[in-house]
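The structure appears below as structure tokens.
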Amino acid sequence: SQVIPTDVWTQVQLNVEFDTSTVFAANVMTAPIDGIYSAMANVTWAGAGLIAEQRSMALRHNGTRLALVDSQNLIPLAQHTGALIRMLAGDTLDLVVFQNSGGDVQITGGSENDPFLSMHWVGPRPQ
């Protein structure tokens with residue numbers, strides 16, 4: 001599990017790695033070649049929030065959040081997102097989360113399925 005502080009976008013620590021192309025390091029995936037990539041991600045929060053509390057997750061491409069999932073009174077506790085992303089060789093992708101409960105909240109972890117971030121090359125970028 002990972003403790004997520006309140007009111008701060010926090011990078012998710014990924015504990016299990018299935019890296020067949022050496023694209024993953026320090027919780028960040030790096031595109032090895034130009035192209036269109038399919039990205040998917042999942043996190044599970046350890047407890048439900050109150051109606052006024054926010055739980056969010058997003059893919060982050062080169063530091064810019066995209067494919068945002070935003071929930072209040074989160075039931076079920078899992079969030080999923082995905083996107084097709086145009087990337088250049090060297091572009092980065094990571095997973096970030098946010099919550100505003102006023103205290104620390106945990107996301108679950110330790111399995112190969114949760115949390116997860118995947119990135120797959122689909123094809124070349126259109127010219």
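Report the gain in length on full extension from Ser38 to Ala25: 0.36 nm times residue separation, minus Cα-Cα distance, nm rounded to one decimal. Can you show the working numbers first?
On the way: separation 13, 0.36 × 13 = 4.68 nm, distance 1.85 nm.
Working it through step by step, the gained length comes to 2.8 nm.
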Could you work out how much longer the chain between Asn62 and Val3 gets when fully extended? Use 0.36 nm per residue separation minus the Cα distance between them, nm to one decimal. 18.9 nm
Can you list the HN-Hα couplings for the range 28-37, worked out from phi with the Karplus curve (6.51, -1.76, 1.60; θ = phi - 60°), rounded to whole Hz and with x for Gly and Pro? 10, 9, 10, 5, x, 9, 4, x, 8, 10
For the range 81-88, Karplus-derived ³J(HN,Hα) couplings (6.51, -1.76, 1.60; θ = phi - 60°; whole Hz; x for glycine and proline) come out as 8, x, 6, 9, 10, 7, 10, 9
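Taken together, the values in this text are just the output of simple stated rules run on the coordinates, not laboratory data. Source: prediction; values computed, not measured.
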